[in-house]
Structures are given as structure tokens and as C-alpha cells.
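*Asks:* Submitted below is the structure of interest, expressed as C-alpha cells.
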Amino acid sequence: MRKRDQWLAAPLGAGLAAALLSGCGSEDGNAAGTGESVVMGMSDEVLSTDPASGYDPGSWLLFNNVFQSLLSFPKGSTVPQPEAAKSCKFKDDSSTVYQCTLQDGLKFSNGHDLTSEDVAYSFRRTLKIKDKNGPAATMLSSIKDIQTPDKSTVIFRLSRSDATFPQKIASGAGSIVDHTEYSMDKLRTDGKAVGSGVYKLDSYDKSKAVFKVNASYKGPATVQNKGMTLKFFHGEQDSLKDAVVKGDIDLAYRGLAMKDIADLETSGGKNIKVVEGTSAEVQHLVFNTKDPVVGKVGVRKAIAYLIDRSSLVRDVYKRTAEPLYSVVPSGITSHRTPFFDVYGDRPQLDKATAALKSANISGKVKLTLWATPVRYGPGTVPEFQEIAKQLNASGLFEADVQSVPLDEYEKGIEAGKYGVYVKGWVPDYPDPDNFTSPFFGEDNVLGNNYQSKEIAGILPATAAQGSRAATVGDFVKLQNTVAQDVPLLPLWQGKQYAVSSDRISGLQWTLDSSTVFRFWEISKAGKG
């Protein structure tokens, strides 16, 4: 089989404003599509076809291909470029007024014109519905007002300085919907989607989603296929592997077992290839700081001294991930390794014992680790079982693992039922803000009752800083604070993988740190 391909994305640069002002890449792409249609398999679910609700990898995969945003991340880059917009820029030095001018002639896939009214409506709608499973609270909370002085101009007035606003609206949270097709007060639940993106959603059900090239699309993308069929395998890893090996699907993305990726890489056969890309996906062990057991910082530090991440990524993830020692992952500006510096990379029984003693604990600590089987990857439950094994091997803990379906799991976190649980994170945009504000800001996604006055001051200060390089010192302080307080324990940083037949090309342009899976970059050669 062909060797593994690894592709690295360009780092976040200082030329953001220049790129946004230049309108680079705004020429019409090849909307007609070329080559053959592609069939792809995935074990992730698409939890919503409505951008006001979906805030999960499967849903955003759909949004990024069906809807346009004002800006988008081009392949191999973490700097947004104009997409539906012709240009965008901050109008003041305080980063609180952001203005975009739309391209001429934009249309939705139903033939309706796309104007500034649709843009404003899309953001207002998401904010008004404020669905708990949507991006409103985490991504769009800085929007105070939106003005549309004419059909091509949109002006966002923000309640606070937010230099990362361009990156936020370049994500799935910035998806533009047709105001005549979506209710302002409720979510769309008919499984349909109307956007102006590269593809239109032709059909969607529990077994598959069919995407056809949108002939009305106007933007920088050039389409390399005639369409995409996305088959859902609902967590069935063996079935997903068998389908790609047998040629029932052209490629598999997200959800293959780690052992299967490793096996296919070495013995998949001459017609199968494994493509590896960069990723800033992370996973954390989260502690409820009001829990009677792990609410004690000494208990949390003891766990930090005992976790062997290298064993986890070797034995459970078959080296398809890397150990993570901070909340800001490798490849993101300001990344440091404070958990390595403080707690080491191998179990330290003496220091764990001392940490428990500082919490006035002398006997074994009874602990339940809570997980959910699919949402954060198929390795989550085996990983937690290995963590429990590591803790129990120390003689200091009596830990077990409980796994429950996602709905029950989320309700348990919200009710404060769990002391220790898992949270994974696929970033919305490649900036340290996106690995910190959602975890430690208001309405955070962790639900672990952690508060820090220092971090509460750092987050707005860094958001107001237009030069992202100038935020490094503050984000380093934040990472050190998290390592000292241990409200969570970083476990691993993932890699992205896709497995395909040798007839598939272009996957290297879908697997970068922007996390945008670009259907249009994938092509399929005819049979020789």
C-alpha cells in the first residue's frame, strides 16, 4: 500500500487584516464539478442540519459544504479569506465594529438572491433561538447589533473587543441561511437545508446524505467531483472498515478504530491508502470542582501525578494521537506544556500520595469515571478503562467506569451528577482563544463549576488584542493557572485520518488544523 501522507497547515500569521481586505480568492470557482461522484463513510452523526443548533463535527461537516459564510479558511491555511464577502475589516481600533461587503450576484441553491438581509437574519436567528446545542453562547455572544445600510453591506457592532471575530464567522457558526426558508423562532427539523455553499443537500435520512454540486455557487472553491454521498455507520467501526476495504465506499473519515487505522496502514493492500493530517482536536478529563471527592484540589493533583498519557496513546490509540500537557495544543500560538513541567510524564506515586495527604485523605479514594461511547470517539470507553486501571494500580484509588448514551450523559453533567467525566473538543477556529474561552468563560461547555479571577481577566484582555502574537504572555499565564488548579486534565491531541481507495485524490487538502473537511477538494479517478 502507499505510504502515509502527512500535511502541515500554515501557522496563524500577522497578515490577517491584509488578507481580509484584499479580497483574495473571490473569483468564481468551478461550480459545475468535474470527475466522478464520491461515496464517503463516517461513524459520526449529523445531529442537526440547522446551523442554529448543530455544534458537533458531523453537523459542521455538513454546514461547511452546504452553507457559505462571509469568510472561510482556504486549504492549508489558518487565515480566513473572503467567501460570500468581497471584503471585511474592522472599522475601529478597538475591534468592536466589523464591516463586510458582499460579492455581487450571490444566490442560494433555490435561486433566491443572497443579500445583507439574509446575513443579518442568520446571525439574529441563531442568537434569538440560542439553542443549547448551538453556537450562539460560545461563538456569537459578542454581537450587540447588526446593521444593513444597503443590500451588500453588513455592519456588526460588538459589545466587547473581539479580535477573533473574523475567525468565528468563518466557521460553521457563520453559516448564512435564506431568510424565507427558516423561521426566526424555531429550528428547522425537516432534514432539509438551503444554503449558497459549494453543494446543496439533495436528500438526508438516517442512512445517508446526498450532496449535489450547487450550480449557483459563487466563491473561491473549485469543485473536483460531481457530488458526494455520505453514508452513516452509527458507531459501527467494523462495518465502516469492511466497507472501505471491500470498495463499498470510496473513503472513510472519523470513526475507524485506532487498531484498524494502524492495521490498514501496514497491511491494507495495494488499493488502500491511509492519509494523515494535522489536527488540533483534544480530549480532557474534566473535574466537577463542587464534587465532594474531586472538588478537593489535592485529589485532582494526585490523579494528575498518576496518569500515563504515553501508555494511553500507545496502547489504546495505537499512536494515532499524541500526549497533551496543556489546554492549548501543539501548533497553536502560545502552546506550552505546564502539566508535563509540574506533574511529569510518568506516574509519581510519592507525589500523588503527598497530594492526597494535603487533602486529609488517607484511605483509598472511590471514584467513578463517566463516559459516553460515541460522541468523543470510539476509543473513549477503552481509554477510561485504562485510566481507571492506572489509578487503581497505584493503590490510592478504587476507580470504575460508567458509560451512558449521549442524552443521558449531557443531562448528568448539567445536573452535577458526575465528578469526573470526558469532554472532547474539535476547534471552531485555530486560535488559543478557542481552547480557553469555551472552557473557562461564561456559559462554558465544561459545566464543572470552575472559576478563576485571573482567567476571567485574561480572556477579555486577549480577545481585545488585534496582534495575536501579543497575547502569548497572557495565554501562558492561563495555561499555568489551569495546571495549578487542575479543573481538567488534558489527555491527548488527535491526528486526522482518512482511509480511501487509491482512486481518491485531494484528501491532503481536507485534513488540516482549520478542521474544515472540504468535499470539493476530493476527486475520484476512473477505473484504469
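*Asks:* From the set of residues in segment 286-302 that are charged (D, E, K, R) and open to solvent by 30 Å² or more (accessible area, probe 1.4 Å), which is nearest to residue 488 (Cα to Cα)?
*Replies:* Taking segment 286-302 as the starting set, the residues that turn out to be charged (D, E, K, R) are 290-291, 296, 300-301.
Narrowing the set further to residues that are open to solvent by 30 Å² or more (accessible area, probe 1.4 Å) leaves 290-291, 296, 301.
Details: 290: 13, 291: 13, 296: 13, 301: 10 Å.
In this case the residue turns out to be 301.
*Asks:* Residues being over 18 Å from the mean Cα position of the chain (by Cα), among the aliphatic types (A, V, I, L, M), under 21 Å from residue 422 (Cα atoms) and in a loop (DSSP other than H, G, I, E, B): count how many of those fall in segment 344-381.
*Replies:* Selection size over segment 344-381: 0.
*Asks:* Select, from 467, 452, 501, the only residue that is closer than 20 Å to residue 430 by Cβ and small (Gly, Ala, Ser). Lay out the reasoning, then the answer.
*Replies:* Details: 452 fails: closer than 20 Å to residue 430 by Cβ; 501 fails: closer than 20 Å to residue 430 by Cβ.
Step by step, each of 467, 452, 501 is checked, and only 467 is closer than 20 Å to residue 430 by Cβ and small (Gly, Ala, Ser).
*Asks:* Only one of these is in a helix (DSSP H, G or I), more than 30 Å from residue 237 (Cα to Cα), acidic (Asp, Glu) and open to solvent by 20 Å² or more (accessible area, probe 1.4 Å): 315, 341. Name it. Talk me through it step by step, then tell me what you get.
*Replies:* Numbers: 315 fails: more than 30 Å from residue 237 (Cα to Cα).
Within the list 315, 341, the selection yields 341.
*Asks:* Filter segment 361-382 down to the residues that are without any contact (Cβ under 8 Å) to a residue 24 or more places away in the chain and not hydrophobic (A, V, I, L, M, F, W, C), then identify the one that is most open to solvent (accessible area, probe 1.4 Å). Lay out the reasoning, then the answer.
*Replies:* We begin by selecting, within segment 361-382, every residue without any contact (Cβ under 8 Å) to a residue 24 or more places away in the chain; these are 362-363, 381.
Next, from what is left, pick out any that are not hydrophobic (A, V, I, L, M, F, W, C): 362-363.
Numbers: 362: 124, 363: 45 Å².
Applying the filter and picking the extreme gives 362.
*Asks:* Here is a list of conditions, (1) crowded, with 24+ Cβ neighbours inside 10 Å; (2) of a type outside the set (Gly, Ala, Ser); (3) over 16 Å from residue 62 (Cβ atoms), and residue 135 meets all of them except one; can you say which number that is?
*Replies:* Residue 135 satisfies every listed condition except (3).
*Asks:* Could I ask something else about it? Is it fair to say residue 476 is under 29 Å from residue 159 (Cβ atoms), surrounded by fewer than 20 Cβ atoms within 10 Å (Cβ to Cβ), in contact (Cβ under 8 Å) with a residue 40 or more places away in the chain and β-branched (Val, Ile, Thr)?
*Replies:* Numbers: under 29 Å from residue 159 (Cβ atoms): yes; surrounded by fewer than 20 Cβ atoms within 10 Å (Cβ to Cβ): yes; in contact (Cβ under 8 Å) with a residue 40 or more places away in the chain: yes; β-branched (Val, Ile, Thr): yes.
Answer is yes for this residue.
*Asks:* Tally time: how many residues in segment 260-285 are of a type in the set (Asp, Glu), in contact (Cβ under 8 Å) with a residue 12 or more places away in the chain and either open to solvent by 10 Å² or more (accessible area, probe 1.4 Å) or assigned to a strand (DSSP E or B) (or both)?
*Replies:* Of the residues in segment 260-285, 3 are of a type in the set (Asp, Glu), in contact (Cβ under 8 Å) with a residue 12 or more places away in the chain and either open to solvent by 10 Å² or more (accessible area, probe 1.4 Å) or assigned to a strand (DSSP E or B) (or both).
*Asks:* Can you spot a residue in segment 148-159 that is among the aromatic types (Phe, Trp, Tyr) and in contact with a Phe, Trp or Tyr (Cβ under 7 Å, 6 or more places away or on another chain)?
*Replies:* Filtering segment 148-159 for residues among the aromatic types (Phe, Trp, Tyr) gives 156.
Filter once more, so that each one left must be in contact with a Phe, Trp or Tyr (Cβ under 7 Å, 6 or more places away or on another chain): 156.
The answer is yes, given that some residue of segment 148-159 is among the aromatic types (Phe, Trp, Tyr) and in contact with a Phe, Trp or Tyr (Cβ under 7 Å, 6 or more places away or on another chain).
*Asks:* Looking at segment 40-62, I want the residues that are farther than 22 Å from residue 226 by Cα and crowded, with 24+ Cβ neighbours inside 10 Å and have a partner that is modelled with pLDDT of 90 or more and acidic (Asp, Glu) with Cβ atoms under 7 Å, at least 6 apart or on another chain. Which pairs are those?
*Replies:* Within 7 Å, the pairs are 52/131.
*Asks:* So residue 441 clears everything in (1) open to solvent by less than 60 Å² (accessible area, probe 1.4 Å); (2) farther than 27 Å from residue 161 by Cβ except one condition, right? Which one?
*Replies:* (2)
*Asks:* Can you give me the number of residues within segment 383-402 that are in contact with a strand residue (DSSP E or B) (Cβ under 8 Å, 6 or more places away or on another chain) and surrounded by fewer than 16 Cβ atoms within 10 Å (Cβ to Cβ)? It would help to see each step written out before you state the result.
*Replies:* Within segment 383-402, the subset in contact with a strand residue (DSSP E or B) (Cβ under 8 Å, 6 or more places away or on another chain) is 383-385, 387-388, 391-392, 396-402.
From the residues that got through so far, the ones that are surrounded by fewer than 16 Cβ atoms within 10 Å (Cβ to Cβ) too are 398, 400, 402.
Residues meeting the conditions: 3.
*Asks:* Within segment 419-438, work out how many residues are of a type outside the set (D, E, K, R), under 15 Å from residue 55 (Cβ atoms) and out of contact with any strand residue (DSSP E or B) (no Cβ under 7 Å at 6 or more places or on another chain).
*Replies:* Here is the first cut: in segment 419-438, the ones of a type outside the set (D, E, K, R) are 419-422, 424-427, 429-430, 432, 434-438.
Retained after the next criterion (residues that are under 15 Å from residue 55 (Cβ atoms)): 424-427, 429, 434, 437-438.
From what's left, out of contact with any strand residue (DSSP E or B) (no Cβ under 7 Å at 6 or more places or on another chain): 426-427, 429, 434, 437-438.
Residues that pass the stated criteria total 6.
*Asks:* Restricting attention to segment 273-290, does a residue exist that is under 24 Å from residue 437 (Cβ atoms) and touching a His at 6+ places or on another chain (Cβ under 6 Å)? Step through it out loud before you land on a result.
*Replies:* Step one: filter segment 273-290 for residues under 24 Å from residue 437 (Cβ atoms), giving 278-290.
Next, from what is left, pick out any that are touching a His at 6+ places or on another chain (Cβ under 6 Å): none.
So far as segment 273-290 goes, no, none of its residues is under 24 Å from residue 437 (Cβ atoms) and touching a His at 6+ places or on another chain (Cβ under 6 Å).
*Asks:* In segment 403-430, which residue that is of a type in the set (Ser, Thr, Tyr) and closer than 14 Å to residue 446 by Cβ is surrounded by the fewest Cβ atoms within 10 Å (Cβ to Cβ)? Walk me through how you get there before you give the answer.
*Replies:* Looking only at segment 403-430, we keep the residues that are of a type in the set (Ser, Thr, Tyr), and these are 403, 409, 418, 421, 429.
Then drop every residue that is not closer than 14 Å to residue 446 by Cβ, which leaves 409, 418, 421.
Numbers: 409: 22, 418: 24, 421: 25.
Looking at the filtered set, the residue picked out is 409.
*Asks:* Please pick out the residue among 92, 145, 104, 118 that is at pLDDT 95 or above, open to solvent by 30 Å² or more (accessible area, probe 1.4 Å) and not in a strand (DSSP E or B).
*Replies:* Just a single option satisfies the conditions, and that option is 104.
*Asks:* Taking segment 244-259 on its own, how many of its residues are open to solvent by less than 10 Å² (accessible area, probe 1.4 Å) and assigned to a helix (DSSP H, G or I)?
*Replies:* Count: 1.
*Asks:* A further question on this structure: Show the residue pairs meeting these rules: Cβ distance below 6 Å; 6+ apart or different chains; first residue within segment 308-337 and closer than 30 Å to residue 470 by Cβ; second residue in a helix (DSSP H, G or I) and of a type in the set (Lys, Arg).
*Replies:* The qualifying pairs are 323/309; 333/468.
The values are calculated or read from the model by the stated rules, or taken from the named source; none is laboratory data. Quantities reported herein were computed from a predicted structural model and do not represent experimental measurements. Cβ atoms come from the backbone with ideal geometry, glycine included; neighbour counts cover every protein chain shown. Heads up: the accessible areas ignore ligands, DNA and RNA and are worked out on the full protein's heavy atoms, side chains in. Shrake-Rupley method; radii C 1.70, N 1.55, O 1.52, S 1.80 Å.
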